[in-house]
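J.: There's a structure below that I have some questions on.
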Amino acid sequence: MALRGPVVILAGAGTGKTRTITHRIAYGVATGAYTPSRTLALTFTTRAAGELRARLRALGAGEVPARTFHSAALSQLAHFWPQVVGGTAPRVLEGKARLLGEAADALGIRTNQAMLRAVAGEIEWRKVSCLSIAEYAASDRPTPTGVDRSALVALQQAYEDRKDEMRRMDFEDVLLATAGMLETESGVAAAVREQFRVFTVDEVQDVSPLQERLLRLWVGARRDLCIVGDANQTIYGFAGATSSFLLNFAREHQNAEIVSLASSHRSTPGILDLANRLMRGRPGAIELSTAAPLSAAAEPIQAPIDPRIEEYPDDRAEIAAMVTAVQADLADGIPASRIGVLVRINGQVPLIEGALRSAG
């Protein structure tokens, strides 16, 4: 119900943050505080934007646009480019690999798919960190394994030159060009700020410095900005994301309303207890508690056993302990079909499967 001024919602995992922000926006529309077409909900993936749109539609606020940063920026570029630069905006590349391969060939640098992916990742990190090629070259960022720094810098420059010759942009350029246009063209900035007056940003812990820069340009001097996030769910740090915008928001925005969502509807008490112990003491850590049942007849979800965390010196020791644990469960009469192993990435699967097969 806090509809005006800066608002930061600190939302732990499973606490209903999407429900909270969509109801807040719908309430603003229903009370007349928000004009739907002048209210913008921002998130990071097309799927998440679709989810926001569907929920807002169900709440009678379907006219509120929900977009990704890239989608909103691309729309503005397409609209303002003809009057600011002339002609149509450059087309956006579907990927960097082909151009990088051509640039490498021109420089006589031997590459493979893994190297091209690594270099593409470095280009993306540099741009979302708002660094020039010269600043990147002077930084202490480690280079990808097997890639020489001088070759990496030369390849980035050749890629940029080739891209400009073809009159193309990559996805990061979309944000950079939009930010540049807003910074240098006061008329464009005024028009954008006139169109959107209320902003809600989901998953703000994954905002990159470039996205933060663009968001500040969109908002301008206005104060109707609501951000939602959890510093301990930042998962795109490797791609330049940082939780600093979330953690510093209340200090930067005078009289900001701070709302904390700490009742988890997703996890059992044992999982929450473990999560709280792991997160305790970290910046922005939220102490999660079990949500109360939605009705008197309902009971909180219970787990047969509580989770525990164990550490091992290497993969081999970890897998051996996993096999031992599975054998113990089988010996206790638990069917093999009721025992699961969850992994973070597919590359871990073959070793684990091999060890389980060897143990019968």
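The values are calculated or read from the model by the stated rules, or taken from the named source; none is laboratory data. Predicted model only: the values in this text are computed from it and were never measured. Methodologically, a virtual Cβ is constructed for each residue, glycine included, from the backbone with ideal geometry; neighbour enumeration extends over all protein chains shown. For the accessible areas, the whole protein counts, side chains as well, though only heavy atoms, and no ligand, DNA or RNA atoms are used. Shrake-Rupley method; radii C 1.70, N 1.55, O 1.52, S 1.80 Å.
J.: Kirkwood Rh over alpha-carbon pairs of the range 22-68, then Stokes-Einstein at 10 °C and 1.306 mPa s: what D in µm² s⁻¹, rounded to an integer? Write down the numbers at each step before the final one.
T.: Working: Rh = 10.3 Å.
For the chosen part, D equals 155 µm²/s.
J.: Given 5 Å bins starting at zero, what is the percent of C-alpha pairs of the range 301-360 in each, up to the one with the largest pair distance?
T.: Going out from 0 Å in 5 Å bins, the range 301-360 shows 3, 15, 25, 27, 19, 9, 2, 0 percent.
J.: Now a separate question. In whole Å, what is the distance between the alpha-carbon centres of the range 209-258 and the range 134-186?
T.: That distance is 24 Å.
J.: Just the projected area, averaged over all directions, of the convex hull on the alpha carbon atoms of the range 152-309: how many nm²?
T.: On the way: hull surface 60.4 nm².
Average of the hull's projected areas for the range 152-309 equals 15.1 nm².
J.: Based on the Cβ-Cβ distance of Glu252 and Gln113, what FRET efficiency does E = 1/(1 + (r/R0)^6) give at R0 = 35 Å, to the nearest 0.05?
T.: Values: r = 42 Å, r/R0 = 1.21.
Here the calculated transfer efficiency is 0.25.
J.: Leaving out ligands and nucleic acids, note down the accessible area per residue over the chain with a 1.4 angstrom probe, in whole Å². Intermediate results must be reported in sequence, preceding the final value.
T.: Values: 20060 Å² over 360 residues.
Heavy-atom accessible area per residue stands at 56 Å².
J.: I would also like to ask the following. Tell me which lysines have Cα within less than 23 Å of Lys163's Cα, excluding those fewer than 8 residues away on the same chain?
T.: Lys96, Lys127
J.: Still on this model: Please report the carbon-and-sulfur percent of the accessible area for the range 1-99; probe 1.4 Å, protein heavy atoms only, DNA, RNA and ligands left out. The partial results should precede the final answer.
T.: Values: 2550 of 4830 Å².
Answer for the range 1-99 is 53 percent, counting heavy atoms of protein chains only.
J.: I would also like to ask the following. Run the helix sum for the chain: -39,500 (n - 2.57) per DSSP H stretch of 4+ residues, divided by residue count, reported at 222 nm to the nearest 500 deg cm²/dmol.
T.: On the way: 14 runs with 175 residues, N = 360.
Value at 222 nm, helices only, nearest 500: -15500 deg cm²/dmol.
J.: Largest first and in whole Å, what are the equivalent-ellipsoid semi-axes of the range 220-360 based on the Cα gyration tensor, each being the root of 5 times an eigenvalue? Before the final figure, lay out the partial values.
T.: Details: eigenvalues 301, 102, 30 Å².
Here the semi-axes work out to 39, 23, 12 Å.
J.: Take the Cα pairs of the chain, get the Kirkwood Rh, then feed it into Stokes-Einstein at 25 °C and 0.890 mPa s and tell me D in µm²/s.
T.: Values: Rh = 23.8 Å.
Value of D from the Cα-based Kirkwood radius: 103 µm²/s.
J.: Given +1 on the Cβ of Lys and Arg, -1 on the Cβ of Asp and Glu, and no further charges, what dipole in debye does the chain carry about its Cα centre, rounded to the nearest 20?
T.: Details: 39 positive and 40 negative charges, 201 e Å.
Dipole size: approximately 960 debye.
J.: Something else now. Under 10 Å, Cα contacts only: if you run a Gaussian network model on the chain, which one of Asp273, Asp105, Asp140 comes out with the highest mean-square fluctuation?
T.: Asp140
J.: How much length, in nm to one decimal, is gained on full extension between Val349 and Ala33, taken as 0.36 nm per residue of separation minus their Cα-Cα distance?
T.: On the way: separation 316, 0.36 × 316 = 113.76 nm, distance 5.19 nm.
In short, 108.6 nm is gained.
J.: Roll a 1.4 Å probe over the protein heavy atoms and report the accessible area of His23 in Å², nearest 10.
T.: It works out to around 80 Å².
J.: Sticking with this one: In whole Å, what are the Cα extents of the range 63-194 along the three principal axes, biggest one first?
T.: Largest first, the range 63-194 extends 49, 29, 28 Å along its Cα principal axes.
J.: Related question: Taking the inverse of the average 1/r across all pairs of different Cα atoms in the range 1-150, what Kirkwood radius in Å do you get?
T.: With all distinct Cα pairs of the range 1-150 included, I get 19.3 Å.
J.: While we're looking at this one, here's another question. Using a Gaussian network model of the chain whose springs link C-alpha atoms within less than 10 Å, name the residue from Ser208, Ser150, Ser129 with the highest mean-square fluctuation.
T.: Highest fluctuation among the options: Ser150.
J.: Using the Karplus equation 6.51 cos²θ - 1.76 cosθ + 1.60 (θ = phi - 60°), what ³J(HN,Hα) coupling, rounded to whole Hz, does each residue of the range 166-175 give in order, writing x for Gly and Pro?
T.: Taking θ as phi minus 60°, the curve returns 7, 6, 10, 10, 9, 4, 5, 4, 4, 5 Hz for the range 166-175.
J.: Can I ask one more? Which of the peptides 15-22, 192-199, 275-282 is most tightly packed, and how do the rest follow, judged by the mean count of other Cβ atoms within 10 Å per residue? Working shown, then result.
T.: Working: 15-22: 19.2, 192-199: 17.0, 275-282: 12.8.
Answer by packing, highest mean first, reads 15-22, 192-199, 275-282.
J.: Taking the range 168-242 as the region of interest, what is the percent of Cα-Cα pairs per 10 angstrom bin, listed from the shortest bin to the one with the maximum distance?
T.: Going from the shortest bin to the longest, the percentages are 18, 45, 32, 6.
J.: Determine the order of Ile258, Ile334 by accessible area, beginning with the largest, at a probe radius of 1.4 Å.
T.: Ranking Ile258, Ile334 by accessible area, largest first, yields Ile258, Ile334.
J.: Which cross-chain or sequence-distant (5 or more) residues have an amide H under 5 Å from the amide H of Leu261, H modelled 1.01 Å from N in plane?
T.: Those lying under 5 Å, H to H, from Leu261 are Leu10, Ala11, Gly12.
J.: A further question follows. What does the charge dipole of the range 150-288 about its Cα centre add up to, to the nearest 20 debye, if the Cβ of each Lys and Arg holds +1 and the Cβ of each Asp and Glu holds -1? Write down the numbers at each step before the final one.
T.: Numbers: 15 positive and 20 negative charges, 73 e Å.
Approximately 360 debye in magnitude.
J.: Along the range 49-63, what does the Karplus equation 6.51 cos²θ - 1.76 cosθ + 1.60 (θ = phi - 60°) give for ³J(HN,Hα), rounded to whole Hz, x for Gly and Pro?
T.: After applying 6.51 cos²θ - 1.76 cosθ + 1.60, I find 5, x, 5, 4, 4, 4, 5, 5, 4, 5, 9, x, 10, x, 7 Hz.
J.: Now for a separate question. Roughly how big is the range 9-136's charge dipole about its Cα centre, with Cβ charges of +1 (Lys, Arg) and -1 (Asp, Glu), in debye to the nearest 20?
T.: Values: 16 positive and 8 negative charges, 99 e Å.
Dipole size: approximately 480 debye.
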